[in-house]
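Notes for the one structure printed next.
The values are calculated or read from the model by the stated rules, or taken from the named source; none is laboratory data. As the structure is a computational prediction, the values presented were derived from the model and not from experiment. Virtual Cβ from ideal backbone geometry, glycine too; neighbours counted across all protein chains shown.
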């Protein structure tokens, strides 16, 4: 996976583009944008949500899953190859699993509501909307934790800092030598 990461990212991007193309080429559902309210002028009433999502819904969900996968892959790409350990891959896989679970709860909750017309409520929102409202940022917390607590392990280690300081010292010495030789002449 290490040397092929960029190809995996490209493949996921190509799949995402294909899904967007399929969505764009989908046949329009009648009243997909809503229809005029029978009694109140200027008010739009939503169309048939189930019909709207019948074809596009699974494609949109797959696109969302690929986007979440792409976030994890691009996060890995930002880590030097020598630090992409099994430990980091496990953390990123766990983060991806959490975000995919949240995406599934949003999609399945909205689909269930469209099928039954009934929903439960959580902290003031319909359950599927609550997953969207609270779950979206909740799914990002593991990435923040990995970055915060793993920074010195995966991003910028003590060894990297020592090498960087050595390069700075070397550059400073070269500049000092150049200035001294200029003064001597």
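Checked against (1) surrounded by 16 or more Cβ atoms within 10 Å (Cβ to Cβ); (2) under 30 Å from residue 57 (Cβ atoms); (3) modelled with pLDDT under 90, residue 116 passes all but a single condition, namely (1). From the list 59, 43, 53, which residue is in contact with a strand residue (DSSP E or B) (Cβ under 8 Å, 6 or more places away or on another chain) and farther than 30 Å from residue 152 by Cα? Of the residues listed, the single one that is in contact with a strand residue (DSSP E or B) (Cβ under 8 Å, 6 or more places away or on another chain) and farther than 30 Å from residue 152 by Cα is 43. Based on this model, can you work out whether residue 155 counts as closer than 30 Å to residue 88 by Cα and without any contact (Cβ under 8 Å) to a residue 24 or more places away in the chain? Criteria not met by residue 155.
Per the listing 90, 85, 95, the residue uniquely more than 29 Å from residue 51 (Cα to Cα), modelled with pLDDT of 90 or more and buried (at least 17 other Cβ atoms within 10 Å of the Cβ) is 95.
Right, residue 164: under 16 Å from residue 83 (Cβ atoms), exposed (fewer than 13 other Cβ atoms within 10 Å of the Cβ) and either in contact (Cβ under 8 Å) with a residue 24 or more places away in the chain or out of contact with any helix residue (DSSP H, G or I) (no Cβ under 7 Å at 6 or more places or on another chain) (or both) or not?
Yes.
Every condition in (1) under 14 Å from the mean Cα position of the chain (by Cα); (2) farther than 25 Å from residue 59 by Cβ; (3) without any contact (Cβ under 8 Å) to a residue 60 or more places away in the chain is met by residue 99 except one, and the failing one is (2). Residues in the range 161-184 include none that are outside any helix (DSSP H, G or I) and more than 30 Å from the chain's Cα centre (by Cα). Can you name every residue in the range 102-160 that is in contact with a helix residue (DSSP H, G or I) (Cβ under 9 Å, 6 or more places away or on another chain), within 30 Å of residue 52 (Cα to Cα) and part of a loop (DSSP other than H, G, I, E, B)? If the condition is that a residue be in contact with a helix residue (DSSP H, G or I) (Cβ under 9 Å, 6 or more places away or on another chain), within 30 Å of residue 52 (Cα to Cα) and part of a loop (DSSP other than H, G, I, E, B), then 118, 119, 120, 123, 124, 139, 140 are the ones that fit. Picking from 41, 26, 51, which residue would you name as being part of a helix (DSSP H, G or I), more than 19 Å from the chain's Cα centre (by Cα), at pLDDT below 95 and surrounded by fewer than 17 Cβ atoms within 10 Å (Cβ to Cβ)? Answer to the check: 51. Here residue 77 clears all of (1) surrounded by fewer than 16 Cβ atoms within 10 Å (Cβ to Cβ); (2) over 26 Å from residue 148 (Cα atoms); (3) in contact (Cβ under 8 Å) with a residue 24 or more places away in the chain; (4) under 16 Å from the mean Cα position of the chain (by Cα) except the condition numbered (2).
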